[in-house]
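The values are calculated or read from the model by the stated rules, or taken from the named source; none is laboratory data. Just so we're clear, the structure is a prediction, and the values are computed from it rather than from any experiment. Cβ coordinates were reconstructed from backbone atoms using ideal geometry, including for glycine residues, and neighbour counts include every protein chain displayed. Surface areas here come from the heavy atoms of the whole protein model, side chains and all, with no ligands, DNA or RNA. Shrake-Rupley method; radii C 1.70, N 1.55, O 1.52, S 1.80 Å.
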Amino acid sequence: MSDNNSLIGGESLQQQISYRVIIVQLLVMIFLCINFLLILTFFQKECFYTTTRYILFAVTLLSDSFILLMSDILLILHYFQIPMHVWLCIIICILSILYDTITPVTLTTMTLERYVAICMPLRHGELCSIHNTVRCILIIHSLSSVPCIVVLSTFVASVSLSFYEQHSVCTLEIFLVHRWQKHLRSAVHQFYFLIMCITIVFSYVQILNVAKIASGENKKSTWKGLRTVILHAFQLLLCLIQLWCPFIEAAVPQINVRFFNTVRYFNYIMFSLAPRCLSPLIYGLRDEKFFHAIKNVCFGLCTNKHLER
């Protein structure tokens, strides 16, 4: 690293990276606070934690918050080059991979819930009961664990026991002992996202057909559901592009460290942080019932602070 810094001006590069790390800290703190407020709001009213779409929304908030926190910790550890035991790094990375997959799988499930609500309204109460929602969450976690199992099993088969006692800077690349493992991981993720994209396109077409023949309040509700599906599709597109980021970064010449760091930073902000920050906007601020509840929670917090003073 020192050789590269001396070639392009180490002090200016170090200063630039410092600014970027600080910006990431601010963004992560802002959205963690927003997510915390939304989770607090979720538990304020019974209608939220007894309704399927709000429960799934809370699942995305929790997984997004975990990913924001863990990716930020990994970023700081990598920036300061702090090593740790490989076995501890493996636990952190496996949890990160799991919750990184939970969000898009949950988004797809939320899209299906909108499809059932709009296209099959008479069966919505039966299919989206609390009991079925709990089952759905278990299925989401089970499906999301498959990429973790694939990555972990290929890794365990490729290294010796002594490797786990070593110290290393923690990154997801620690699992990629062989080149084929990278292609296998990418293939599994892209298969998942292909299924998700097909599901969203199917739901979009079906809701669009209902929207054309709906009238009055039903038409308004249907078009709102259609916009929600489009926003979910945009989120999944950003998540899908994230899978291609390693290939884009590998094509960047390693000699030009400044440009390489810029590309990695842009990819991290746009395709890792941004999709996790859209959920509060889609379901937190666009939903009238939830938005009014947020205002009540904020008013209550401000009132309590005023009384304490």
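Peptides 35-46, 177-188 ranked from most to least packed by the mean count of surrounding Cβ atoms within 10 Å: 35-46, 177-188. How high is the FRET efficiency between Ile73 and Lys212 when r is their beta carbon distance and R₀ equals 30 Å, given to the nearest 0.05? According to the calculation, E is roughly 0.05. A simple spin-label model places the labels of Phe43 and Val146 3.3 nm from each other, with each point 7 Å out along Cα-to-Cβ. Label zone of Leu138 (point 7 Å out along Cα→Cβ, amide N under 18 Å): in region 34-58 this covers 52, 56. Between Lys219 and Ser162, the contour length at 0.36 nm per residue exceeds the Cα-Cα span by 14.2 nm. Taking label positions 7 Å along the Cα-Cβ direction at both Cys197 and Val169, the computed distance is 3.3 nm, reported to one decimal. Computed over protein heavy atoms with a 1.4 Å probe, the carbon and sulfur contribution to the accessible area of the chain reaches 69%. Report the residues of region 149-170 in range of a label on His183: point 7 Å along Cα→C-beta, backbone N strictly under 17 Å from it. 151, 154-155, by backbone N distance to the label point. For the chain, the per residue solvent-accessible surface stands at 55 Å², with DNA, RNA and ligands left out and a 1.4 Å probe.
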